[in-house]
Amino acid sequence: QDLVTGYATDRGFNIVAREDVLNAVAAMGGPNSGDPGASGANLDSILSNNTSALRLAQNLNVDYVLICTITSYGTDTQNYRDASQDIDLILTRHQMRTTFKLLDALDGGSLVAGVTTATISDRITPGVNNINRQNLIDDLLDANAQDMAEILSNDAHSGAITEPQKQSSDVTFEVHCGVADMFYPEVMRDERGHYVLEAGHYRLEALAVPVELDGVVIGDTSAPLHAKPGLHKMRLSRDLFKDWSGTVNIHEGGVLTIALEMTDEGRQHFREMSDWAAGLKQGQELKDAQAKALEGEAKYFEQSHIRVDTNNPEMAPAPSLPVPIPPTPPPTTDTTPATMP
């Protein structure tokens, strides 16, 4: 990489090395970056694993992506006799072949490609001398890097490398996070202002979940998000929930609805409540003391940024993990469903 960067830069290219980017991200760990358990110490591996070459190039605002590969390396040995000197000789040939391609950073299309081959030959007289090359690999790499840079330079001057495309503008999209297998029982107030358990139930939604796109956090689900259109790697991560990741296709006005699954720790908090709610029956009137005891649970929901989606009631029986009802309001004759504060 260093050899290609050096020779290509000498011919007018401005190279942004992926390794330099990752090292810069790793340095964000600060003075504790050497501690693998420190916050930020693994940012380089996260970025490398979650960001494609094209997306990384677009984030860096570069024009092209140069991909180089060592395709083969080997040594051939040939015994022959030099009739003019009447001696037996051994010819050893070391060869390394590399390939490269230059991609448009916007759509990944291949602009130019090439193959370079470097060869170093040694002639040895058996029993007389031995050649011990200490820097054989370095010499082969150096020769290939020079040839590669020369080909790229010629392609640039001949017009084979076209002008870079302009990156498209960001689009606006939204991400909504439901809570998988977690429901809120439908509770109605009768004419006396008492709570009565009904047959329906509501789904839960997780709010303000951080959204990570191609290894970089771009915001959270509480507000519209902005990114380049097309395919991206997305990751959602928040306390009490298992991480979610997948490939998504982002477009203007798109709305992604994703179900998050609670961790064992998150479910543990509701276990006692589940046992209590499982014993309730449809039409049962909840006592004031019971409703009062659940006010703390409702507060916990509010602080955890979890809300009840009262716009989409479901009439199917709720699963075995219901959630607490909201605090008791003043008596009223209204019969609309009770909702979270």
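The values are calculated or read from the model by the stated rules, or taken from the named source; none is laboratory data. Everything quoted here is computed from the prediction, not taken from an experiment. A quick note on method: Cβ atoms are made from the backbone with ideal geometry, for glycine too, and the neighbour counts reach across all protein chains shown. SASA here: full protein model, heavy atoms, side chains in, ligands and nucleic acids out. Shrake-Rupley method; radii C 1.70, N 1.55, O 1.52, S 1.80 Å.
Worth pointing out:
- Test: residue in segment 72-85 that is open to solvent by 80 Å² or more (accessible area, probe 1.4 Å), in a strand (DSSP E or B) and in contact with a helix residue (DSSP H, G or I) (Cβ under 8 Å, 6 or more places away or on another chain): yes
- Only one entry of ALA289, ALA223, ALA278 meets the criterion of being at pLDDT 85 or above, out of contact with any Gly (no Cβ under 9 Å at 6 or more places or on another chain) and either among the small types (Gly, Ala, Ser) or open to solvent by less than 50 Å² (accessible area, probe 1.4 Å) (or both), and that entry is ALA223.
- Where THR77 falls short, out of the listed (1) over 30 Å from PRO164 (Cα atoms); (2) modelled with pLDDT under 70: (2)
- Tally, over segment 229-245, of residues that are surrounded by 17 or more Cβ atoms within 10 Å (Cβ to Cβ) and either in contact with a helix residue (DSSP H, G or I) (Cβ under 6 Å, 6 or more places away or on another chain) or of a type in the set (Ser, Thr, Tyr) (or both): 2
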